[in-house]
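Trainee: Before anything else, here's the structure in question.
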């Protein structure tokens, strides 16, 4: 092994305590590159110097420093490892990605009067998260059902500090209990939230039993309106329960997990079985930086996923975890404060895991189409290899003002958002110059030596833009693998050392992949440009009108984007803006035109 066992790193490892905790490898720039946990820090870290696997050799070759944190127990070490991986995103750790393409449900338990909302990111805020869900309509339907059955609020008022003067239409529709008006106490509202939690956890039978008790009590007290409300809730839940597919007859709560591993990532599908029925599917993505075994990948997923989500009593997985099984079971049992068992499938669970694998393969069907696009693109551009990595660039500005640039990256034909970059253009001139702006972006990108050049660099533009970028590569003495410019008007493809552009049929798969990258670069640049414009207008406070605060300013900017655009619209439009009173709309219109 090409590791000097007498070096400083080995010496540090030799003096680590024989205690549970977390160890941290850092590189020469003091960046965390790997986080691990163990019940014996010294034994675990010293094992890296004895194992000649390519993974360990690569890690020790880059590692320059070693730190550790002692914990009171193995469970604390598991939790701390998960927190540090999420926070620092170490290069060589398997990472449960914040996959924004899949939505989640968030129950805001951190608020006095919680709401159920859709989100795409888990935050450390004491809220409860459910998901991710493969389809966003599942999330919207669930939110709608919760409003219908439990009358949970959906507004964003900061209750009880601030609220509207009168209840909204959802109160009239019997979809909200109007905590904003004090029509329900915080204590009573929390009881509703507890019922919502049971619903989201799929514990319908327990929920129905509780509601039946309430209904009978209301009847005994001659509170017939309340009794009818509880009856309707019970009917809704029973209908939902009947629609759920039965797979398990033992009535036990369990998660069934299936995993599909690709080259540098993995998809994990979880089937939630509650009270004997399949109530939900969830999907997650793992980033795999090195050649990890399937068992290691699954162990890392279990640790990170269940550090943030509810834990069932039984977790069914498609392989044997060996001696690590007892460790992860202890960790999860302590987290849940109840016994948790991890095991391989038995009986009909095998059938369900096979179905899960088919579900994951359906996600791969799209990739067959993408693969054809990449193969054709390789032929069209005469490339040595299939272009797995494609970078797209665009600029966005308004007559040179708030000029920005974007870089998007596609891997295997799909957006790879971790590598997206936004550039605030430093170039200033009286007249906007897209060529110079593009050159500035490309120069800044090429000087970022930590990121390898992709198989294709794609520019939104024509021959002029292509030559401008080519000039930067020549000036920096860097040879690109492939430079391409795609002109919007005729969708012509320009490449270096070719006078005439390549014109592909509109149905060409190669053209389709280039269009997707170009359009995504345009969207990403435009979004950033609009954000900067709005921020500048808000900071300038150009309109000093009574009643026009920051919140209403944002409503105006969402509709009109700029003051110049506001000046062009007729008075009637200012009188019919949601969130802007008519009297204020008239004042804004008068102010804008008095300035002229």
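The values are calculated or read from the model by the stated rules, or taken from the named source; none is laboratory data. The shown structure was predicted, so the numbers you read here are calculated from the model rather than taken from an experiment. Positions of Cβ are generated from backbone atoms using ideal geometry, with glycine treated the same way; all protein chains shown enter the neighbour counts.
Trainee: Are there any strands (runs of 3 or more DSSP E) wholly within the range 84-200 with 2 or more residues that are under 27 Å from residue 229 (Cα atoms), within 19 Å of the chain's Cα centre (by Cα) and free of Cβ contacts under 8 Å to residues at least 60 places away in the same chain, and if so which?
Mentor: 116-119
Trainee: Quickly run through the range 62-78 and pick out the residues that are in contact with a strand residue (DSSP E or B) (Cβ under 9 Å, 6 or more places away or on another chain) and either closer than 16 Å to residue 18 by Cα or in a helix (DSSP H, G or I) (or both).
Mentor: The initial filter retains those residues of the range 62-78 that are in contact with a strand residue (DSSP E or B) (Cβ under 9 Å, 6 or more places away or on another chain), namely 62-71, 74, 76-78.
Those that are in contact with a strand residue (DSSP E or B) (Cβ under 9 Å, 6 or more places away or on another chain) and either closer than 16 Å to residue 18 by Cα or in a helix (DSSP H, G or I) (or both): 62, 66, 67, 68, 69, 70, 71, 74, 76, 77, 78.
Trainee: While we're looking at this one, here's another question. May I ask you to say which residue of 326, 339, 313 is in contact with a helix residue (DSSP H, G or I) (Cβ under 7 Å, 6 or more places away or on another chain) and either crowded, with 20+ Cβ neighbours inside 10 Å or at pLDDT 90 or above (or both)?
Mentor: 339
Trainee: Of the conditions (1) within 29 Å of the chain's Cα centre (by Cα); (2) outside any strand (DSSP E or B); (3) touching a residue at least 12 places away in the same chain (Cβ under 8 Å), residue 29 fails just one. Which one is it?
Mentor: Failing condition for residue 29: (3).
Trainee: Might you check whether a residue that is touching a helix residue (DSSP H, G or I) at 6+ places or on another chain (Cβ under 9 Å), surrounded by 19 or more Cβ atoms within 10 Å (Cβ to Cβ), under 25 Å from residue 519 (Cβ atoms) and modelled with pLDDT of 90 or more occurs anywhere in the range 409-426?
Mentor: yes
Trainee: So in the range 250-295, with the set limited to residues that are in contact with a helix residue (DSSP H, G or I) (Cβ under 8 Å, 6 or more places away or on another chain) and over 23 Å from residue 129 (Cα atoms), which one is surrounded by the fewest Cβ atoms within 10 Å (Cβ to Cβ)?
Mentor: Within the range 250-295, the match that is surrounded by the fewest Cβ atoms within 10 Å (Cβ to Cβ) is 291.
Trainee: Just checking, which of 59, 46 is more than 30 Å from residue 133 (Cβ to Cβ), in contact with a helix residue (DSSP H, G or I) (Cβ under 6 Å, 6 or more places away or on another chain) and not in a loop (DSSP other than H, G, I, E, B)?
Mentor: 46
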